[in-house]
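Quick notes on the structure that follows.
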């Protein structure tokens, strides 16, 4: 097992876990994990564990609460809808050539020490929180992998020697923004993910690799049998995260992380999309549920 | 300048410019992300110039404008496919906003929604 000179900033959930599991299955661990622990509940936005008398207890409680909340749907689908889970995960594993036991690691209770020797837990109120900036500054200089979504504050990109990798679940530069996987199917007729250097702009940094994925084909009767929101959750629990993880693995395997060089995007190309309306998403998902 | 008038003017003009695309992006952002459109904006649509939200009827008309633009010759061809579908998406969301503001608009908003879905399905399924 090789240890990569990489610090993974973990926003817990299937995406962060898929990155780490894909690297692990590829024979890589990482130098450090910075585990972000939100002070507020991911679903309700309320303060977590304010009633606890000791700060470290509040951190531990908040970590447990977010672990349960942010992994709720993947675990629910795996346990309550095993046929759907089996079909999606086996089809992706077979099409894309990876070991389906990878999903066991994604769904298991958190075990960050499996992936690294160093885990630092940082309780934050958001990305503007000075504790977030301080935690990243302590790690610098190093290449970081940001596993969350949205924009980071511009100041973090000024930390000396810091480079941020990110994987977008769509084909850059054509498809930027939210629901990249679905919009890539609409605009390009393809599935793909892009590894790039994150900067203060949305999905506009230098590109390292655009990887196309064969479109999986799930049983069409799921469309009639299942609530479309559940199918959407299944896709974003088991398909999108692994596309990202495999793309990262491909970049890592392509050369020395410290030597990576991307190619710039033409910002005038492409469209920045917002979340797809559920009625449009239902039509697009039929491209996946068509067997 | 209000959103619907700007879009109506855009529909009347020949072709489409970079500034037009910036305007469309701004309108889509208001509808899709903010979920509210105000009656006037300044500084290139970055700041609202009024505290009054447009009416439910205006949301519906905004949705119709976006849908008409998506289907117009300005955005014909493969190169504009992304922009077209983005506008259809926002038009659908504008129809939802109209219904959420006034239940009485259910019938025309549902009709607009069905038209958008039909156009999207036709293009997506080739």
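Coordinate-derived values only; no laboratory data. What you are looking at is a predicted structure, and each value in this text was computed from that prediction instead of being measured. Every residue, glycine among them, receives a Cβ derived from its backbone with ideal geometry; neighbour counts consider all protein chains shown.
Averaged over every viewing direction, what's the projected area of the C-alpha convex hull for the range A:214-259? Give it in nm², one decimal, please.
Averaged projected area of the range A:214-259's Cα convex hull equals 4.1 nm².
Run the simple label-point estimate for residue B:8 and residue B:49 please: 7 Å along Cα→C-beta, distance reported in nm.
Reported label-point gap for residue B:8 and residue B:49 is 1.7 nm.
Given the rule -39500 (n - 2.57) for each run of at least 4 DSSP H residues, summed and divided by the residues of chain A, what is its mean residue ellipticity at 222 nm, to the nearest 500 deg cm²/dmol?
When only DSSP H runs of four or more count, the value is -11000 deg cm²/dmol.
Taking Cα pairs under 8 Å and at least six residues apart, what relative contact order does chain A come out at, in percent?
About 23 percent, as a whole number.
What share of all Cα pairs of the range A:243-291, in percent, falls into each consecutive 10 Å distance bin?
17, 24, 34, 21, 3
What whole-number distance in Å separates the alpha-carbon centres of the range B:81-126 and the range A:1-79?
37 Å
Compute and list, largest first, the equivalent-ellipsoid semi-axes of the range B:1-90 from the alpha carbon gyration tensor, each √(5λ) rounded to a whole angstrom.
They are 21, 13, 12 Å, listed from largest to smallest.
Please list B:86-93, A:97-104, A:185-192, A:11-18 highest first by mean number of surrounding beta-carbon atoms within 10 Å per residue. Walk me through the intermediate numbers first.
Working: B:86-93: 26.5, A:97-104: 15.2, A:185-192: 20.2, A:11-18: 24.2.
Per-residue Cβ counts within 10 Å, averaged per peptide and sorted highest first, yield B:86-93, A:11-18, A:185-192, A:97-104.
Just to be sure I understand the model, the point goes 7 Å from the Cα along the line to the Cβ. What's the resulting residue B:42 to residue A:225 distance in nm?
According to this spin-label approximation, the distance is 5.9 nm.
Computed from the mean reciprocal separation of all distinct C-alpha pairs, what Kirkwood hydrodynamic radius does the protein assembly as shown have, in Å?
One over the average 1/r among Cα pairs gives 22.9 Å for the protein assembly as shown.
Across the residues of B:93-103, average count of Cβ atoms on other protein chains within 10 Å?
Rounded to a whole number, the mean comes out at 1.
State, to one decimal in nm², a quarter of the convex hull surface area for the C-alpha atoms of the range B:80-126, i.e. the direction-averaged projected area.
About 3.0 nm², averaged over all directions.
Counting pairs of Cα atoms in the range A:122-271, how many percent are more than 27 Å apart?
When all Cα pairs of the range A:122-271 are counted, 29 percent exceed 27 Å.
Sketch the reach of a paramagnetic label on residue A:40 as a point 7 Å from Cα along Cα-to-Cβ, and name the residues of the range A:109-129 whose backbone nitrogen lies under 16 Å away.
A:123-129
Mind jotting down the distance between the C-alpha centroids of the range B:1-59 and the range A:244-291, whole Å?
29 Å
What does the highest-first list of A:171-183, B:7-19 look like by mean Cβ count within 10 Å?
Per-residue Cβ counts within 10 Å, averaged per peptide and sorted highest first, yield A:171-183, B:7-19.
Suppose each label sits 7 Å from its Cα in the direction of the beta carbon; what would the residue A:128-residue A:54 distance come out to in nanometres?
Those two pseudo-labels are separated by 3.3 nm.
Hey, got the average number of other protein chain Cβ atoms within 10 angstrom for residues in B:21-30?
Partner Cβ neighbours, averaged per residue: 1.
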